[in-house]
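Step one of this worksheet: look at the structure below.
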Amino acid sequence: MEKCGDMLEHLLEGNKDNTLNRTELISDLFAFFVAGHETTASALCWVVVELAERQDIQERLYEDIVREYRNEVPPFESLHHHPPPFLDWFIKENLRMHAPVDLFPSRIAVADTPYQNQVIPKGSYVGFATDIIHHHPDFWEDPENFDPERFSP
């Protein structure tokens, strides 16, 4: 059978020792499908909202894309791997302001762990919230302002 490199193939390849039963494999595939759908849908909804509220950004994106592709429809791979700069910045800023996943699962420290001149005690829960990081003034200048230019080089 020809390999296609999809998620199921990778799960089966990684499960050669049968540590996951059929139900667990199906459950994992379902989780990947739902998680991928939910995050993509959320990100795209926020793209539409931000574009609807910001005529200036719509116009700049349009000009950037027309300048880059001269009214030709670009192949998807080109947009994916080499997007026009302002489009790239806009998407990054959209994801910063409206992260599709804002809280990652915690982990438990299995040993006392040194970290930045402190020690995380064994048994402590460690996690991070992208929503807090993405809106924190220690990391971003004027964090509540939607500004794609912050990602320009």
note = Computed over the Cα atoms of segment 59-153, the Rg and Dmax in Å are 19.2, 59
key: Efficiency of FRET between VAL110 and GLU63 - r from beta-carbon atoms, R0 41 angstrom, step 0.05   = 0.20
inquiry  = Is there a quick way to get the dipole size of the chain? I mean about its Cα centre, with the Cβ of Lys and Arg at +1 and of Asp and Glu at -1; what is the value in debye to the nearest 20?
reply    = 520 debye
For the chain, calculated [θ]222 nm from helices alone, where every DSSP H run of n ≥ 4 adds -39500 (n - 2.57) = -16500 deg cm²/dmol
key: Förster radius 22 Å - calculated FRET efficiency between ASP131 and ARG22 (Cβ-Cβ, nearest 0.05)   = 0.05
query = Considering amide H positions built from the backbone, and no H for Pro or chain starts, which residues 5 or more places from ILE120, or on another chain, come under 5 Å of its amide H?
reply = THR113, TYR115
message = For a Förster distance of 30 Å, can you work out the FRET efficiency between the beta-carbons of GLU38 and ASN117, rounded to the nearest 0.05?
response = 0.20
query = How do GLU9, GLU50 line up, fewest other C-beta atoms within 10 Å first?
reply = GLU9, GLU50
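Values quoted throughout were computed directly from the atomic coordinates according to the rules given, and no laboratory measurement underlies them. Not measured: the values here are computed from a predicted model. With ideal geometry, Cβ positions are generated from the backbone for all residues, glycine too; neighbour counts draw on all protein chains shown.
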